[in-house]
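Please treat every number below as a calculation from the coordinates, not as lab data. The structure presented is a predicted model; accordingly, all values stated were derived computationally and were not measured. Reconstructed Cβ throughout: ideal geometry from the backbone, glycine too, with neighbour counts over all protein chains shown.
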Amino acid sequence: MTKPTRITNSIRALRFTHGEMTQAQLAEQVGVTRQTIIAIEQGRYSPSLEMAFQIARVFKVPLDQVFAYPGGT
Amino acid sequence: MSYEEKGTWVYLVACLGAYGVYLAIVLGRLASTPAAHVPYIPALLWTTGGSILASVLGRVLVGGPGPGRRSDVRDREIYRFGEYASRWFIVAGAGAALVMAMARWDYFWIANVIYLGFVLWAVAGSFVKLLAYRRGLRPAR
């Protein structure tokens, strides 16, 4: 429960390349709280597949440009 | 800190405070009165009601105006996880009360072990939720 997720993400970089979008603006578009966006960015929360697609849709990029799941152990 | 995390802190403080008051009252009476004659019921009901009222008022106070009170899927997942992880305290309290009833213990001790089970359930659940908020929540694999 307390281990960070192995899923990495590029949300922070994508926000800045999309007009320096704030966490609050992204949260509003995805329909979650700002704290959830912060937790995802910091790897403290793995979003559902549906939420992951919603985030990718906001940035208009494929899912694997937002999230990655590195191989190996 | 999200509204739900603040609410969890309020709930934890209210539970601990109410149980602390209850223990102070009842243990004081137990020192001079046999357990079977200790008037614990009013203290139990008043502290339980007080903790519920304090939780409700506290959540209203920490929530601020409308938009600040929003919760989402992560809050709900953390809530469910906390309830799931702490349910054993309820089971242990009920199990202990059952054994005590079969052994014909006094009502005072049976009621108090059930109350303790509820308090531990609430406190442990709050700790687990706060840990999940602070350190993260990941799906079970």
Taking the range B:12-132, the equivalent ellipsoid from its C-alpha gyration tensor has semi-axes in Å, biggest first, of 32, 19, 9
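Between B:Leu53 and B:Val73, take the C-beta separation as r, use R0 = 35 Å, and let me know the FRET efficiency to the nearest 0.05.
Values: r = 29 Å, r/R0 = 0.83.
Once the sixth-power term is evaluated, E becomes 0.75.
I'd like the Kirkwood hydrodynamic radius of the range B:95-141, using the inverse of the mean 1/r over distinct C-alpha pairs, in Å.
On the way: mean 1/r = 0.0786 Å⁻¹.
Result for the range B:95-141, one decimal place: 12.7 Å.
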Once phi for every residue in the range B:27-40 is put through the Karplus expression 6.51 cos²θ - 1.76 cosθ + 1.60 (θ = phi - 60°), the whole-Hz ³J(HN,Hα) values, with Gly and Pro written as x, are 5, x, 6, 5, 5, 10, 9, x, 3, 5, 10, 6, x, 8
Taking a label point 7 Å from the Cα of B:Ala101 along Cα-to-Cβ, the residues of the range B:110-135 whose backbone nitrogen sits under 17 Å from it are B:110-118
Tilt, helix B:107-135 to longest principal axis of chain B (alpha-carbon atoms), in degrees rounded to tens, equals 20
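Rounded to two decimals, what is the ratio between the C-alpha radius of gyration of chain A and 2.2 N^0.38 Å? Could you put the intermediate results ahead of the total?
On the way: Rg = 11.7 Å, N = 73, 2.2 N^0.38 = 11.2 Å.
Compactness ratio reported: 1.04.
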Once both label points are put 7 Å beyond Cα along the C-beta direction, the A:Gln25-B:Arg135 separation in nm becomes 3.6
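Can you list which of the trypsin sites (Lys or Arg not before Pro) found in chain A are DSSP loop residues with at most 11 other C-beta atoms within 10 Å? Numbers along the way, then the final one.
On the way: sites: A:Arg6, A:Arg12, A:Arg15, A:Arg34, A:Arg44, A:Arg57, A:Lys60; in loops: A:Arg6, A:Arg44, A:Lys60.
Of the trypsin sites (Lys or Arg not before Pro), the ones in loops of chain A whose Cβ has at most 11 other Cβ atoms within 10 Å are A:Lys60.
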